[in-house]
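The next block holds one structure in the form of structure tokens; read it before the comments.
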Amino acid sequence: MYKEPKPRITGKQWASIALVAIALVFILQNLTYVRVEFFLFHTAAPLWLILLITLGAGYAIGRFSKRRN
């Protein structure tokens with residue numbers, strides 16, 4: 001009789017689980033609202049969201065400003 005192998009968690013899956021856990025801790029520690037002023041734009045948002053938007057903007061700038069040979 002053939003037994004199916006038990007599914008194993010790979011290194012990539014462990015890394016993903018760890019990153020999700022770290023992200024959740026980061027979000028839960030940065031729930032306070034901060035005021036953001038950018039030229040004429042004023043808003044208040046959670047600190048984690050502001051940092052996430054800044055990270056995304058930095059990634060986009062870096063991605064699109066690469067030199068292409």
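Listed values, structure above:
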quantity	calculated
Where Arg63, Arg8 fall by accessible area, highest first, once all protein chains stay in place (1.4 Å)	Arg8, Arg63
The chain, relative contact order [Cα under 8 Å, separation at least 6], %	18
Positive-end extreme of charge dipole, the chain - chosen from Pro5, His42, Gly58 (charges on Cβ)	Pro5
For the chain, size of Cβ-based charge dipole, Lys and Arg +1, Asp and Glu -1, in debye	500
Carbon + sulfur, % of accessible area of the chain - ligands and nucleic acids excluded, 1.4 Å	68
Spatial extent of the chain: Rg and Dmax, with the Cα atoms as the point set, Å	19.9, 72
Accessible area of the chain divided out per residue, in Å², using a probe of 1.4 angstrom	102
Helical contribution to [θ] at 222 nm, DSSP H n ≥ 4, -39,500 (n - 2.57), averaged over the chain, rounded to 500	-18000 deg cm²/dmol
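The values are calculated or read from the model by the stated rules, or taken from the named source; none is laboratory data. No experiment lies behind these values; they were computed from the predicted model shown. With ideal geometry, Cβ positions are generated from the backbone for all residues, glycine too; neighbour counts draw on all protein chains shown. To get the accessible areas, we keep the full protein, side chains included, count just its heavy atoms, and leave off ligands, DNA and RNA. Shrake-Rupley method; radii C 1.70, N 1.55, O 1.52, S 1.80 Å.
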